[in-house]
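Chemist: For reference, the structure I am asking about is given below.
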Amino acid sequence: MKKLTPFVISCLLVFGVAACDNASKTSESAPSNPNEAAQTPSAKTTDASQKDAQSDVRRRQLNEDIRAREQRNNATGGDTTRAKGDLESEVRSKLEANIPKSQLTVNAADGGVVTVAGTVTNQQELAKIEPEAKKIKGVKSVVVKATVAAPKK
């Protein structure tokens, strides 16, 4: 029994890590990871993403999520070292609120490197990705693999 308990716990931990290995996305149709080729979104998908991201309730939720994570991080003294999941979530929220028609995937790596892939509808939105992502504490550099793709009509 003494050998079985650690084995069962380790299996649960391995399963939990595998199940939680999902990139943060700004929309359901965004690529699953930053290395996937971006697909041109439909006009319906783009409009739905924009309406959701521009609603007052959603904007408040996104801002509160970022604020709560920042407060938690400050309380634990982790200003310089951030968990990858926190960086992914906060950057995703920031991009979702400020680039509402996008379909982006966010992936964080060690050292505060954040990779953003997917599609945006114009060059101005593409240019906003890096500055918006760098507004999040702990983001040291941003790799932008996103492309401009006007929605299909």
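Chemist: My understanding is that a pair violates if its Cα-Cα distance is over 18 Å; which of Lys84/Lys134; Lys94/Lys137; Lys94/Lys140; Lys101/Lys137; Lys94/Lys128 do that in this structure?
Modeler: Numbers: Lys84/Lys134 14 Å; Lys94/Lys137 12 Å; Lys94/Lys140 16 Å; Lys101/Lys137 24 Å; Lys94/Lys128 11 Å.
Too far apart for the 18 Å limit: Lys101/Lys137.
Chemist: Would you tell me the accessible area of Asp110, worked out with a 1.4 angstrom probe on the heavy atoms of the protein chains, in Å² to the nearest 10?
Modeler: We get 120 Å² for Asp110.
Chemist: Still on this model: Along the charge dipole of the stretch 60-152, Cβ charges K/R +1 and D/E -1, which of Ala108, Asn98, Asn73 sits furthest on the positive end?
Modeler: Of the listed residues, the answer is Asn98.
Chemist: Here's a follow-up. Which of rounded, prolate, oblate describes the stretch 68-143, given a ≥ b ≥ c as roots of the alpha-carbon gyration tensor eigenvalues and a/c under 1.5 marking rounded, otherwise prolate only if a/b is larger than b/c?
Modeler: Details: a/c = 2.40, a/b = 1.92, b/c = 1.25.
In terms of gyration-tensor shape, prolate.
The values are calculated or read from the model by the stated rules, or taken from the named source; none is laboratory data. In this text the structure is predicted, and so the values were computed from the model without any measurement. Positions of Cβ are backbone-derived with ideal geometry, glycine not excepted, and every protein chain shown enters the neighbour counts. Accessible surface is based on the protein model in full, side chains and every heavy atom, while ligands, DNA and RNA are left aside. Shrake-Rupley method; radii C 1.70, N 1.55, O 1.52, S 1.80 Å.
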